[in-house]
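A quick write-up on the structure given underneath.
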Amino acid sequence: MIQVRKADPNNKTVAENRKARFSYEVIDTLEAGLALTGTEVKSLRGGQANIQDSYASVEGGELWLINSYLPEYLQANRFNHEPRRRRKLLVSKREMAKLAQSVDREGMTMVPLKIYFNDRGRAKLLLAVARGKKLHDKRETEKQRDWARDKSRLMKDRG
């Protein structure tokens, strides 16, 4: 008997950076916590965050998420947060040193892939250490994707 796993309602993806996998070659991924205020968490639960143009950077011995957008929580009135503020990422010192080393030495960048809530209800960020693709690499990826799509169509028609 095949067991069907139901989607965990707590492990909910809030924002996804779909363009990142097209523009960058993902080398490694890391789960990082987010230091958020109460209104930011409420806004995330609403599901309108945007991490499309954001990136992570090591500054002053800390890891920061820069240029991410979390809209204001409408019911918070004067206690609201700033939508484009820098948010601190929570990782261990060893992980941060490894990230900083790969970015400095190998010319890579840290790109956020998605923000989600884990099974304990904590906001997490999937961070990728990635290398930027050149134009010809992007074309090759597009070609391979098109061929895979056509191949599946041909196989479906045959049998």
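In segment 100-123, the residue that is nearest to the chain's Cα centre (by Cα) out of those that are closer than 21 Å to GLU16 by Cβ and charged (D, E, K, R) is LYS114.
If you filter segment 107-151 down to residues that are of a type in the set (Gly, Ala, Ser) and loosely packed, with under 15 Cβ neighbours inside 10 Å, you find that the one that is modelled with the lowest pLDDT is GLY107. Taking the criterion of being of a type in the set (D, E, K, R) and either touching an Asp or Glu at 6+ places or on another chain (Cβ under 7 Å) or exposed (fewer than 14 other Cβ atoms within 10 Å of the Cβ) (or both), the residues of segment 89-106 that qualify are LYS93, ARG94, ASP104, ARG105, GLU106.
Grab the strands (runs of 3 or more DSSP E) fully contained in segment 3-102, keeping just those with 1 or more residues being of a type in the set (Ser, Thr, Tyr). Result: 13-16, 24-34, 55-59.
For the criterion of being over 23 Å from GLN48 (Cβ atoms), in contact with a strand residue (DSSP E or B) (Cβ under 9 Å, 6 or more places away or on another chain) and either in a helix (DSSP H, G or I) or not aromatic (Phe, Trp, Tyr) (or both), VAL111 fails. Do any residues in segment 82-97 that are under 15 Å from LYS124 (Cα atoms) have Cβ atoms under 7 Å from those of residues that are in a loop (DSSP other than H, G, I, E, B), where the two are at least six apart or on different chains, and which pairs are they? Sorted first by the residue in segment 82-97, then by its partner, the pairs are ARG87/ALA35; ARG87/LEU36; ARG87/SER68; LYS88/ALA35; LEU90/ALA35.
Per this entry, GLU40 is not counted among residues that are of a type in the set (Asp, Glu) and either touching a helix residue (DSSP H, G or I) at 6+ places or on another chain (Cβ under 8 Å) or within 23 Å of GLU95 (Cα to Cα) (or both).
The values are calculated or read from the model by the stated rules, or taken from the named source; none is laboratory data. Quantities reported herein were computed from a predicted structural model and do not represent experimental measurements. Every residue, glycine as well, gets a Cβ built from its backbone with ideal geometry; the counts of neighbours run over all protein chains shown.
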